[in-house]
Every structure is written in structure tokens, then in C-alpha cells.
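The values are calculated or read from the model by the stated rules, or taken from the named source; none is laboratory data. If you're wondering where the values come from, they're calculated on a predicted model, not measured in any experiment. Because the Cβ atoms are built from the backbone with ideal geometry, glycine has one as well, and the counts that use them run over all protein chains shown. Accessible surface is based on the protein model in full, side chains and every heavy atom, while ligands, DNA and RNA are left aside. Shrake-Rupley method; radii C 1.70, N 1.55, O 1.52, S 1.80 Å.
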Amino acid sequence: MGPVPNLPAEPDDDLDSYVGLDARTAEERARARGWTTVRTLPPGAIITMEYLRGRIDFEVDEGTVKRCWRG
């Protein structure tokens with residue numbers, strides 16, 4: 001087995017602070033705070049369960065973030 005790469009730390013961020021923001025503001029804030037990938041999803045979207053370091057996911061309904069999670 002090869003060595004484990006030295007991965008950068010994820011942003012130390014309060015994910016609940018994104019709930020209630022409009023999607024554009026939330027995305028801009030996430031990128032400013034160091035998230036490398038920002039994914040916006042509609043409610044009930046079918047997604048894969050792989051974890052991607054540095055990604056933040058937003059569930060957006062009618063332009064507002066309803067839920068947020070890492071990776």
C-alpha cells in the first residue's frame with residue numbers, strides 16, 4: 001500500500017451559518033472561506049455518497065439554502 005498523501009485541512013467553518021442565505025451569497029462566502037468545491041443541489045436530488053475533501057454541499061430550494069454539509 002502506498003503512503004497516504006498529506007492533504008490540506010478543510011476550512012474550519014460553521015455550516016449552520018449558511019442556512020437561510022441565498023444560494024449566490026452562500027457560494028461566494030464558501031469560496032472566500034477556502035472551500036475548493038461548492039455544490040448546489042435541489043431538494044431530494046439523488047447523489048453519490050463519496051466524500052470529497054474540500055467540498056461543501058448546499059441543498060437549495062427556491063433560491064435559499066435549506067441544508068448544508070461537508071464533502
Going residue by residue through the stretch 43-60, is there one that turns out to be in a loop (DSSP other than H, G, I, E, B), modelled with pLDDT of 95 or more and open to solvent by 70 Å² or more (accessible area, probe 1.4 Å)? no
Within the stretch 27-42, which residues are open to solvent by 80 Å² or more (accessible area, probe 1.4 Å) and either at positive phi or part of a loop (DSSP other than H, G, I, E, B) (or both)? Arg33, Thr36
Among (1) assigned to a helix (DSSP H, G or I); (2) touching a residue at least 40 places away in the same chain (Cβ under 8 Å); (3) of a type in the set (A, V, I, L, M), there is one condition Val65 misses while meeting the rest; what is its number? (1)
With (1) surrounded by 14 or more Cβ atoms within 10 Å (Cβ to Cβ); (2) free of Cβ contacts under 8 Å to residues at least 60 places away in the same chain as the list, and Glu10 as the residue in question, which single condition is left unmet? (2)
When the residues of the stretch 13-26 are narrowed to those that are open to solvent by less than 90 Å² (accessible area, probe 1.4 Å) and outside any loop (DSSP other than H, G, I, E, B), which ends up nearest to Pro43 (Cα to Cα)? Ala23
